[in-house]
Amino acid sequence: MLRVERVSKHFSGITALEEVDMRLDAGETLGLVGPNGSGKSTLLNVLSGFIRPDRGRVTFKGERIDGRRPWAIAERGLERTFQLPAQPQRLTVLEVMLTGAHLRRGETVWGSLVSPRRVRAEQAAAVERARGLLDELTLLELEHDAAGTLSGGQQKLLSLGVALMGDPEVLLLDEPTAGVHRSLRHVLVERLRSLHDAGTALVIVEHDIGFVTELCERVYVLDKGHVITSCLPTELASDPRVVEAYLGTKKRPTAASPTSASREQRKVPS
Amino acid sequence: MLEFLLGVAVVAALFGVLAVCLNLEAGVTGLLNFGLVAFFGIGAYATGIASLHGVSWELGMLIGVVLAALAGAGVGLLGRTLAAEYWAVATLALAELLRLIALNTDSVTEGARGITTVEPFFGSLGPTERDLAWLGLGLALLAVCAFVASRVTETQFGRILRLVREREELAAALGHDVVSAKVRVMAISAPMAALAGSLYTHYITFIGPQEMAPFGTFLVWTMVVVGGLGSVYGVIAGAFLVQLLYEVTRFIDDITDISPESAGGVRVLVVGAALLGFLLFHPAGLIPERLRRIRAEG
Amino acid sequence: MGEVLFDTLIDGSELALIAVGMTLVFGAVKFANIAQVEFATLGAYGTVLAGSLIGGGPLVVEAILSIVGVGLIAVGLYHLIFKRLLIRSPATAMIGSLALSILLRALIQTITGPRPKELDVPLERANDILGALVTPSQVRIIVISVVALAALMAVLRLTALGRSIRAVSANPDLAAAAGIDVRRVIDVVWLLAGLFGALGGVMYAIDNQVSLEMGFGLLLPVFAAALLGGFGSPGGAILASYLLALAESVVLRVDWGEVINTGSAYLDSSYRPAIGFVLLLLVLLIRPQGIFGREARRA
């Protein structure tokens, strides 16, 4: 469904990505790990259209998307979240959710000015849906608060919710657990699990290997812009190349908060 | 006294339209327009040049509106490649360029002399009645523009614009063509500014390049910041307040013993102090933007 | 030919002195200070003021007093106004700088009146150098400017202070972590912006006159130069300034009538500022990151 072929990107002498190949099949949940600076965010930016690769190509559902504008890619069904959610201060949580919806009619100038019944019906339906999602993400009581006043973890959940409003076929998640409090983590896991069950393909960029192991079927490991291996999450700790990539940097692959109980849960989802 | 206040009110209403436009561009969408006076000038000069050639005022106004819409769209397209601060200076450059053209192409625009053949409205009325009629006209235009602006802001289109203001990349990642959004918002607000320009020209029955000086943009920015960036009512209130303040300073050289030539500077100083003061200490303005609760029926 | 050369050297120097200040400030605090050009206006008017205060000393002394004064004012303005505005956003700071730019001009107008003034430069005979008529004052302008700019580049490249400035410009957090006193660097940068801006203003005033709009009239060419050279790159701004001056000079001298075959037609010199604007717009459209520069484009 999503294919990355020999993608390379350099920034004034620094190699961010070099000859990266990657494949994501429909409905798959993929992990993307690597030490800081390995190129994970750059790759995500290339996939979502924020960066144009110097070389290589990205194909989505058979169509080439590298170099296309981010909104064109999102329209085709590939959406993403950002590492720093930084939600806006002057929009409410509910409003932010609505921006994720494709309210075709309401977005036109004519539709805004005249606002006939269909526009309003469209919006009402979107509001219903948004509130439902907010409820699942335990954010419903904050719906009229300024989105920027939410805690970091709540903002992260909100950004997941907004991306889901667009009903994407592929969802790229940039460090979804970073900053999310332990108590909210299970909400995230459940939501992503049900997305997977519903057939949405996921690419999860993460440092929390426990999280990756809980959810991902396959993991790509990046280091200094290269894909050094693609394997099962359970093989990560034992692969010498992976260990070496993390050695010498302060960030080692950790199983963050999971207790021994959830360690037992760490099996490959079918 | 009444005449003075009426005059202030008429101009304030027309500048209120400009404030609504700037609010839509900067307050809602985050587009720092430092060249708003250009759109005003397009409308004003379209009306002026039309009067020079005996073209009907309706047609002159229409031409101004269409040209402004095109110019606005073009400027909005620049937002495709430019970050906000650079776009701001680009708008400043464009406005200055237009002013220079107005100043120097005597054959078309009468250059520095300006155009004096503009047809006055309500010519048959006495002075007070005329100003009242003008006030009615100005307030009517203001009401229409305020309506358009708030409708745009409250709906999905406005939500996207407001997201673009704070987090453009998020809007893009959610599937919204942010360039098209910027172009559309400019294409709506520029013609409104041009209408204000056309009417202003008919009111003072004159247009010259000095009306396109950067001071105009500066005055409207003051109105918007003092009134409340992001709030339609706020910026309208700001327009009336700042216009009153500016007009009152006209009497500075009567009250104090500042020479008339320096008095001009004091007037600008007062307005500038208001702008800077609010920016520093009360940037939300007098009537700050409020969070919007979405009711179930949309 | 000689005329083009000297026009380029003189106008380019004046531009470079002001543009280098704008680009240094951008490097340090990441916003484009529209009021930078008003440092030039202040420098010129300050010289006049100093002249009336110390009553008929040499121009050099008056100029130095004024330039130092403006440098200090620049630092003061940063602490009083821009530091606070920057906390909110670079956009707020930019609006504030527009406000300040108009305020400063209004303040000057209130104090000195709107009519332009002249600096006390002796009337000189112009010499013929390479086919251009050049006065000794103009030669002095070029020499002083080049020396000042060279000294600045030397400081930036060779001294510890210069390295600190460049480090802060590249990455303030990293610089702070490396032990650099970022606040002191910012103060120095603003001082330099004020000093060089004022020097540029004095040079301009020697060659032209002291007027309220002299700074603002240079805003767009200065911005274009800083942009073309890459915001944050002083060397780039200097180079770009001379290039822009060259372009302006050439465009004014070309017989456009010949080019489009309609008889003789030169561009009126009152369009000179327009050349700067058009160049600015072209630069913004074609290469907003400048020659050496960093991101101005959207991804």
- Message: Any residue at all in the stretch A:158-181 that's surrounded by fewer than 18 Cβ atoms within 10 Å (Cβ to Cβ) and assigned to a helix (DSSP H, G or I)?
- Response: no
- Using the structure shown, decide if B:Arg99 is within 14 Å of chain A (Cβ to nearest Cβ) and either among the basic types (Lys, Arg) or part of a loop (DSSP other than H, G, I, E, B) (or both). no
- Report whether or not A:His10 is of a type outside the set (Asp, Glu), in contact (Cβ under 8 Å) with a residue 12 or more places away in the chain and in the same structural domain as A:Ile204 (by TED's automatic domain parsing). yes
- Positions within the stretch B:196-221 being surrounded by fewer than 24 Cβ atoms within 10 Å (Cβ to Cβ), part of a helix (DSSP H, G or I), more than 14 Å from chain C (Cβ to nearest Cβ) and hydrophobic (A, V, I, L, M, F, W, C), in sequence order: B:Leu199, B:Ile204
- Hey, among the residues in the stretch A:70-81 that are more than 7 Å from chain B (Cβ to nearest Cβ) and touching a helix residue (DSSP H, G or I) at 6+ places or on another chain (Cβ under 9 Å), which one's farthest from A:Leu134 (Cα to Cα)? A:Ile73
- Query: Which number in (1) buried (at least 20 other Cβ atoms within 10 Å of the Cβ); (2) within 22 Å of the chain's Cα centre (by Cα) marks the one condition that A:Arg69 misses?
  - Reply: (1)
- Across the stretch B:66-96, which residue is farthest from the other protein chains (Cβ to nearest Cβ) among those that are of a type outside the set (Phe, Trp, Tyr) and touching a Gly at 6+ places or on another chain (Cβ under 7 Å)? B:Ala68
- Query: Can we say C:Leu107 is facing chain B (nearest Cβ under 7 Å) and buried (at least 23 other Cβ atoms within 10 Å of the Cβ)?
  - Reply: no
- Is there any pair with a first residue in the stretch A:181-192 that is farther than 17 Å from A:Leu134 by Cβ and a second that is surrounded by 13 or more Cβ atoms within 10 Å (Cβ to Cβ) whose Cβ atoms are under 7 Å apart and which are 6 or more apart or on different chains, and what are they? A:His181/A:Gly153; A:Arg182/A:Ser257; A:Arg185/A:Thr177; A:Val189/A:Glu214; A:Val189/A:Leu215
- Any hit, the stretch B:27-47, residues being farther than 29 Å from B:Tyr233 by Cα and outside any helix (DSSP H, G or I): no
- Are there any helices (runs of 4 or more DSSP H) wholly within the stretch C:12-92 with 2 or more residues that are surrounded by fewer than 24 Cβ atoms within 10 Å (Cβ to Cβ) and either within 14 Å of chain B (Cβ to nearest Cβ) or of a type in the set (Lys, Arg) (or both), and if so which? C:83-88
- Residues of the stretch B:18-74 satisfying the condition of being in contact (Cβ under 8 Å) with a residue 24 or more places away in the chain and on the phi > 0 side of the Ramachandran plot: B:Gly30
- Task: Scan the stretch A:177-219 for residues that are within 14 Å of A:Lys156 (Cβ to Cβ) and among the small types (Gly, Ala, Ser) and jot them down.
- Result: A:Ala178, A:Gly179, A:Ser183
- helices (runs of 4 or more DSSP H) (entirely within the stretch C:111-226) containing at least 1 residues that are out of contact with any Pro (no Cβ under 8 Å at 6 or more places or on another chain) and within 22 Å of C:Ser249 (Cα to Cα): C:136-158, C:182-207
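The values are calculated or read from the model by the stated rules, or taken from the named source; none is laboratory data. These figures come from a predicted structure and were not determined experimentally. A quick note on method: Cβ atoms are made from the backbone with ideal geometry, for glycine too, and the neighbour counts reach across all protein chains shown.
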